[in-house]
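Right, one structure below, let's go through it.
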Amino acid sequence: MKVLGIESSCDETACAIVEDGHKILSNVVATQIPFHQIYKGVVPEIASRKHAEWILPVVKQALLEAKLSLDDIDAIASTNRPGLMGSLLVGLTFGKTLAWATNKPFIAINHMMGHMYAAHLVNDISYPYMGLLVSGGHSIIAMVTDFDKFEILGTTIDDSVGEAFDKVSKFYNLGYPGGVIIDKLAQKGDAKAASFPVPKLDKGDHRYDVSFSGLKTAVIHQRDMFWNEGYEKTNENLAAAFQETACNTLVSRLLRAVEDTGLTTIVAGGGVAANSRLRAMLAEHKELNCIFPPLKLCGDNGAMIAGVAYHFLKRGDRSGLGTTACARIPQFKRGLANLEAFGRR
Ligand code: KG4
Ligand code: ZN
């Protein structure tokens with residue numbers, strides 16, 4: 001079954017064709033970075049306008065690269081939540097219209113479910129496992145028992161990890177997008193230059209939760225308070241020390257969840273899963289089987305949407321053409337299933 005997957009939840013206009021949930025026949029990602037760069041962040045109105053302009057050529061390109069015509073496609077899938085409303089609406093409306101016009105099944109996909117599936121596109125991974133979803137909008141530690149079943153153990157109580165990377169980069173004028181730039185700078189810096197505080201969320205309900213707002217404030221407004229003597233205040237050192245704390249925060253909670261559940265396979269997804277320090281930190285844990293998607297599949301792409309859609313379709317699920325977009329999914333709360341919270345469709 002060949003599924004055409006569309007992703008337009010933020011600032012990438014993307015379309016991919018994936019066969020049977022695994023074989024990527026094409027994966028086109030048109031990035032809008034140059035258009036948002038001067039504003040040091042994503043401008044929602046610019047993002048939706050670019051999506052509207054690019055969606056048709058991007059879908060056509062995906063078909064061209066896969067050497068397929070629309071007749072060869074068995075189903076259409078689009079991201080419908082969460083994300084920027086205007087951006088989501090372009091890909092969702094395009095996908096629904098295409099499905100209606102060609103009389104093919106349509107399936108609406110939760111973006112985070114797509115991110116969790118990205119590593120499955122190139123690996124045979126069996127359930128259950130510990131999922132680490134880290135992106136511009138989310139930081140989630142979840143026990144994953146199927147492609148659509150997540151028990152959310154921990155989440156951020158304030159900002160997401162990706163947002164912290166982006167805001168630190170913006171404040172220090174390091175460039176946009178912040179994550180990749182900080183990752184690169186940090187490789188030339190010394191993480192010991194500053195000792196930023198790791199949030200202490202140790203008790204009860206917060207056992208697996210993370211927080212990045214305090215770290216963001218410390219790095220932006222209280223840098224000197226946490227700076228260690230003898231280290232030069234360079235951007236490289238700052239990036240390394242910030243990144244170390246951000247990654248430590250995630251890894252410490254993840255290890256706690258691993259210890260409590262006994263699950264030793266960890267699967268990561270989302271833009272921040274591209275981070276080289278996060279990958280290295282987890283690789284040091286030889287007792288764990290850590291699976292990261294290839295870099296190209298960490299950020300937003302259509303392949304993860306088409307991939308996970310295949311499993312819904314195989315099960316007989318379909319989304320009605322009345323399916324709408326949703327900018328937010330009700331908070332990722334702790335507890336079993338949370339399928340509605342996770343936004344089934
Ligand atoms: O998954 P994604 O492309 O979009 C969302 O769903 O949000 O994630 C984007 C986030 C941004 O905050 C970006 O700065 C971050 O992922 N990111 C990184 C790296 N590459 C992208 N963060 C840290 N290190 C990276 N190498
Ligand atoms: Zn994403």
In region 288-319, what residues are under 22 Å from Val251 (Cα atoms) and either among the hydroxyl-bearing types (Ser, Thr, Tyr) or in contact with a Pro (Cβ under 8 Å, 6 or more places away or on another chain) (or both)?
none
Test: Val272 is in contact with a strand residue (DSSP E or B) (Cβ under 7 Å, 6 or more places away or on another chain), under 18 Å from Pro177 (Cβ atoms) and assigned to a helix (DSSP H, G or I):
yes
If a residue must be in contact with a strand residue (DSSP E or B) (Cβ under 7 Å, 6 or more places away or on another chain) and more than 18 Å from Gly95 (Cα to Cα), how many such residues does region 33-65 contain?
1
Quickly run through region 179-200 and pick out the residues that are more than 28 Å from Ile33 (Cβ to Cβ) and surrounded by 19 or more Cβ atoms within 10 Å (Cβ to Cβ).
Ala193, Ala194, Pro199
Looking at Glu236, Glu151, Glu229 in this structure, which one is surrounded by fewer than 19 Cβ atoms within 10 Å (Cβ to Cβ), over 30 Å from His311 (Cα atoms) and more than 16 Å from ligand 1 (Cβ to nearest atom)?
Glu229
Which of the residues belonging to region 230-262 are in contact with a Gly (Cβ under 9 Å, 6 or more places away or on another chain) and in a helix (DSSP H, G or I)?
Asn235, Glu236, Asn237, Leu238, Ala239, Ala240, Ala241, Gln243, Arg253, Leu254, Arg256, Ala257
Glu244: under 20 Å from the mean Cα position of the chain (by Cα) and among the charged types (D, E, K, R), yes or no?
yes
Can you name the condition, by its number, that Leu121 falls short on among (1) within 16 Å of ligand 2 (Cβ to nearest atom); (2) surrounded by 22 or more Cβ atoms within 10 Å (Cβ to Cβ); (3) within 25 Å of Gly214 (Cβ to Cβ)?
(3)
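Bear in mind these aren't lab numbers, they're just calculated from the coordinates by the rules spelled out. Predicted model only: the values in this text are computed from it and were never measured. Methodologically, a virtual Cβ is constructed for each residue, glycine included, from the backbone with ideal geometry; neighbour enumeration extends over all protein chains shown.
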